[in-house]
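The numbers here are math on the coordinates, done by the rules we state, and not lab data. A quick note: this is a predicted structure, and the numbers were derived from the prediction, not measured. Glycine also receives a Cβ, built like all others from the backbone with ideal geometry; neighbour counts cover every protein chain displayed.
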Amino acid sequence: MAEGMAMVLPHQVTRQFPMPSACPNADTGRMAIKHWPEHDRPREKLVKLGPEALSDSELLALFIGSGCNGLDAVQSARRLLENHGPLRRLMDMDASRLRKLPALGPARACKLVAALELASRHLLADLERGDSICDPGSAGRYFKLRLRARPQEVFAALFMDTRNRTLAYEELFTGTIDTATVYPREVVRRALLHNAAAVIVSHNHPSGRAEPSASDREITSQLFEALGLVGVRLVDHVVVGDGPPVSMAERGWLKRDPFART
């Protein structure tokens with residue numbers, strides 16, 4: 001396909017999510033949390049053992065604070081995860097959807113969204129201050145944070161210098177839930193504008209798995225050729241969806257060792 005022509009990224013298949021297992025503290029029944037043994041109470045457990053010792057429902061219960069409809073906070077959190085989980089799916093909801101959930105409501109939903117945004121900003125801070133992206137895993141985590149919750153397909157690019165340090169992040173094309181039209185010529189133009197030596201591109205699959213399609217691979221090939229004509233390396237094309245991001249460089253669909261600095 002000639003340079004500058006559009007490529008449409010196709011619909012992806014929706015993935016079925018497994019339900020989480022029951023909480024190990026089920027034997028506490030409907031007893032109020034304050035009457036639980038101290039080593040089972042989420043707050044005390046976090047202080048003594050650290051947050052990694054808590055289950056998903058226990059961590060979520062600390063946000064909920066108190067239960068409803070005869071359930072304590074942990075039971076309410078567990079029901080949330082059973083009905084709207086797993087955790088990643090729940091955390092990807094925007095504030096308007098979260099505040100409609102019975103166990104949350106507007107105030108708790110806003111607190112949860114604010115906490116998630118703080119966590120994302122913390123993880124993005126190192127890259128956005130000019131640190132290098134040295135491997136596909138770093139690129140995948142970066143774009144996952146950027147694109148995972150977007151309801152429509154977005155095609156984005158990270159422009160870098162000769163040492164793979166970030167210069168700019170841009171969302172170049174936006175589509176519907178299952179397609180986005182990509183113009184290689186525009187990607188080249190933005191790379192030249194930023195005086196970039198290398199580019200990592202990414203797009204999300206809001207409605208399905210992160211597995212790249214044939215069209216994804218075709219547009220990657222077009223971008224590789226178009227950017228190469230002006231001396232810019234296409235380092236990777238990362239696809240974000242359910243589960244871990246997929247790196248086309250890691251799959252071997254780009255030249256060997258694309259993360260090597262020139």
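Can you give the FRET efficiency for GLU218 and GLU82, using 1/(1 + (r/R0)^6), R0 = 30 Å, r = Cβ-Cβ distance, to the nearest 0.05? Efficiency computed from Cβ-Cβ geometry: 0.15. Dipole of the stretch 130-247 computed with +1 at Lys/Arg Cβ and -1 at Asp/Glu Cβ about the Cα centre; of THR179, TYR169, VAL246, farthest Cα towards the positive end is TYR169. Stretched out straight at 0.36 nm per residue, the stretch from ALA53 to HIS194 would grow longer than its current Cα-Cα span by 46.3 nm. With distances taken between every two different alpha-carbon atoms, the stretch 100-190 has a Kirkwood hydrodynamic radius of 15.2 Å. Share of pairwise Cα-Cα distances greater than 24 Å in the stretch 130-247 is 17 percent (whole percent).
The charge dipole of the stretch 146-255, taken about its Cα centre with unit charges on the Cβ of Lys, Arg, Asp and Glu (plus for the first two, minus for the last two), comes to roughly 340 debye.
Taking θ as phi - 60° and the Karplus parameters 6.51, -1.76 and 1.60, the scalar couplings of the stretch 44-53 work out to 5, 5, 5, 5, 7, 10, x, x, 5, 7 Hz in sequence order, x denoting glycine and proline. Have a look at the DSSP beta bridges in the stretch 130-247 and tell me what percent are antiparallel, nearest 5. Antiparallel: roughly 65 percent of the beta bridges in the stretch 130-247.
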